[in-house]
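Below is one structure, written out as structure tokens; the observations come after it.
Only the coordinates and a few stated rules stand behind these numbers; no lab work does. What you see is a predicted model; the values in this text were computed from it and never measured. As a convention, Cβ positions derive from the backbone with ideal geometry for all residues, glycine included, and neighbour counts pool all protein chains shown.
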Amino acid sequence: MDEDQGALPLLSVSDVTLQYKTKEHLVTATYRVSFQVFKSDRYVLLGPSGCGKSTLLKAVGGYLTPVEGAIRLKGETVTKPGPDRMMVFQEFDQLLPWKTVKQNVMFALVSSGKYKGKAAEDKAMHCIEKVNLTKFANSFPHTLSGGMKQRVAIARGMAMEPDVLLMDEPFAALDALTRRKMQEELLQLWDDIHFTVLFVTHSIPEAVKIGNRILLLSPHPGQVKAELNSSGRDEEDPVTGKRLSDRIHNMLFADEIEEEEVTHV
Amino acid sequence: MSDLQVQRAEFVREQVEMSAFGVVEKPLTVWEKVFNRDEVRKGLILVALAVIWQAYAAHLNNPLLFPTFSSTIEALWDHMVNGSLLTKAWFSIKVLLMGYAAGVVLATLLTMVAITSRLGNDFLETLTAMFNPLPAIALLPLSLIWFGLGNGSLIFVLIHSVLWPVALNTHSGFMSVSNTMRMVGRNYGLGGFRYVSKILIPAAFPNILAGLKIGWAFAWRTLIAAELVFGATSGSGGLGWFIYENKNELEIPSVFAGLFTVILIGLIVENLIFRNIEHRTVRKWGMQN
């Protein structure tokens, strides 16, 4: 139901090579990575640290220009950040501390010109209700817990009704219990609205749970290793008898062994 | 294996009813509440200082060197009632505000240039490194030659004393705005002036406010010192001139009254204006404790 092979992809990343400069080096983060995200996909970029998944997401967000290849959203090349690709970051300081929860969500709506005045307020409150924070609408971010801050960021992202919601390890800084709850809440929200989300994580269980399609990246530089389907339940495959998470684990693990062999020769 | 660890039975307990607790939440006593207020504690310190002053001066019994607190207050009251002190204070404040405002505007312009380009950044850093350590009062002789005896030269040295600390703090505030917050701002499609005014300035506000406070203190010091040096040449003269004049007439309680006014104005601005701004902004936002 998520993918219609006949339809055009919403987001297409083709042969994208990304490089960034540090003080001393020019680092290639990803090399000729291609993937396609369709409408209502829960598309996960998964890989160990150093596979360029966050850099890739930032490039989709428009913060980075590829040195090679192209990123197209609805057929148009991405050149700069914009409200059609709302980001949810890992860091808690993504909320503006001088605005209340409601103002934070409203500010996004108003400053991007999507809504005005009362309409913006109604839309904001509607989304805050969706993430169960109505009681805290007039609280300032510093009074909220980490999980609540992330919920506000998600509400803000959804309120903008972006073409694709970009999530950069949004639950990585949360404790294990809160993280699980947030994953479930995100899936519930998706059941409700069927938004398109591009989700970056380094956690295999999270990828298996959240995604319906998982892009596996290998590190240094990031290259596509596999693209897998996930039902979200991590069941044993009737043919091979292997769980999806084990398959992914083996693929990443095999990589490590190969690397060690190379370095020890 | 089992003899390595002590074996214990498991247990599960029922939670005690709420009503069984003695205290879950108890309001503080009136005294605790009163003492929790900043003003009360600081007021007590001021009273204690006044008492020590009074006792020591009475013990010294030499009004020419060190008048008592009560005679200082008396002199202060006299000068206020007959008007000379208030007009002189107002004269000083007026000049101060002009210099302060001009300094802040220039600092804003300079920081704007600094954050938009790398060369501008280098420009600001070099200028602040050069001029920030230079005491404003050292420029006064030059200022007098350039602008003559009058408000012009006062304002020039005031600008010098305000500009650098404010620019330095504002700039470092802008530099310390987190990358995430910048990305959030750009995600909304904000750019140029709206990006600076809606994201960068509020995000850097704790530093900006600190700069404004330092700038204010520097300006106030510079002004009084400058007035002491060339005083009443521009007509009525300000507080610095008031102090200088009374010293010449050996009206020591009045000298103290003049100094006292300088302190009072400083206290009022710090505690009423800056503290209020702080409470309504950075503290409410949790950006400063």
- Query: By how many degrees, 0 to 90 and rounded to 10, does the Cα axis of helix B:205-230 deviate from the longest principal axis of chain B?
  - Reply: 20 degrees
- To the nearest 20 debye, what charge dipole does the protein assembly as shown have about its Cα centre, counting +1 at the Cβ of each Lys and Arg and -1 at the Cβ of each Asp and Glu? 1640 debye
- Which shape class applies to chain B: rounded if a/c is under 1.5, otherwise prolate when a/b exceeds b/c and oblate if not, where a ≥ b ≥ c are the square roots of the Cα gyration tensor eigenvalues? oblate
- Taking the dipole about the Cα centre of the range B:91-283, with the C-beta of Lys and Arg at +1 and of Asp and Glu at -1, give me whichever of B:THR116, B:LEU139, B:ILE265 is farthest to the positive side. B:THR116
- Task: Filter the GluC sites (Glu not before Pro) in the range B:207-289 to those in DSSP coil with at most 11 other Cβ atoms within 10 Å of their Cβ, and list the result.
- Result: B:GLU249
- By counting other Cβ atoms within 10 Å of each Cβ, how are A:PHE253, B:PHE11, A:PHE35 ranked from fewest to most? B:PHE11, A:PHE253, A:PHE35
- Using only the Cα atoms, work out Rg/Rh for the protein assembly as shown, with Rh taken as the Kirkwood radius, to two decimals. 1.12
- Could you tell me what percent of the DSSP beta bridges with both partners in the protein assembly as shown are antiparallel, to the nearest 5? 55 percent
- Item | At R0 = 22 Å, FRET efficiency that the Cβ-Cβ distance of B:PHE193 and B:THR126 yields, to 0.05 | 0.25
- Message: At a 10 Å Cβ-Cβ cut-off, how would you order A:VAL13, B:VAL229, fewest neighbours first?
- Response: B:VAL229, A:VAL13
- Task: Can you tell me the FRET efficiency between A:TYR20 and B:LEU142 if r is taken as the Cβ-Cβ distance and R0 is 45 Å, rounded to the nearest 0.05?
- Result: 0.40
- Pull out a ≥ b ≥ c, the square roots of the eigenvalues of the alpha-carbon gyration tensor of the range B:119-249, then state rounded if a/c is under 1.5, prolate if not and a/b is larger than b/c, and oblate in the remaining case. prolate
- Against the longest principal axis of chain B, how steep is helix B:151-175, in degrees 0 to 90 to the nearest 10, with axes from Cα atoms? 10 degrees
- How large is the dipole of chain A about the Cα centre if only Lys and Arg carry +1 and Asp and Glu carry -1, each at its Cβ, rounded to the nearest 20 debye? 1280 debye
- Note on the structure: PRE zone check, label point 7 Å out along Cα-to-Cβ of B:GLU74, amide N under 13 Å, scope the range B:245-262, hits B:252-254
- Message: Using the basic label-point model (7 angstrom from Cα toward the beta carbon), what is the A:SER139 to B:GLU25 distance in nanometres?
- Response: 1.3 nm
- At a Förster distance of 51 Å, what's the computed FRET efficiency of B:SER84 paired with B:LYS284, Cβ-Cβ distance as r, to 0.05? 0.80
- Message: If you fit an axis through the alpha-carbon atoms of helix A:244-264 and take the longest principal axis of the Cα set of chain A, what angle between them do you get, 0 to 90°, nearest 10?
- Response: 50 degrees
- Roughly how many debye, to the nearest 20, is the charge dipole of the range B:91-283 about its Cα centre, given +1 on each Lys and Arg Cβ, -1 on each Asp and Glu Cβ, and no other charges? 920 debye
- Item | B:TRP31, B:TRP146, B:TRP216 arranged by Cβ crowding within 10 Å, fewest neighbours leading | B:TRP31, B:TRP146, B:TRP216
- Task: For every helix of n ≥ 4 consecutive DSSP H residues, a contribution of -39,500 (n - 2.57) applies; sum these over chain B, divide by its total residues, and give [θ] at 222 nm rounded to the nearest 500 deg cm²/dmol.
- Result: -21500 deg cm²/dmol
- Note on the structure: Note to self, chain A gives a 222 nm [θ] from helices alone (DSSP H runs n ≥ 4, -39500 (n - 2.57) apiece, / all residues, nearest 500) of -11500 deg cm²/dmol
- Kirkwood-Stokes translational diffusion coefficient of the range A:1-104, alpha-carbon pairs, 20 °C, 1.002 mPa s, µm²/s: 139 µm²/s
- Tensor-based shape of chain A (alpha-carbon gyration tensor, a/c under 1.5 rounded, otherwise prolate or oblate): prolate
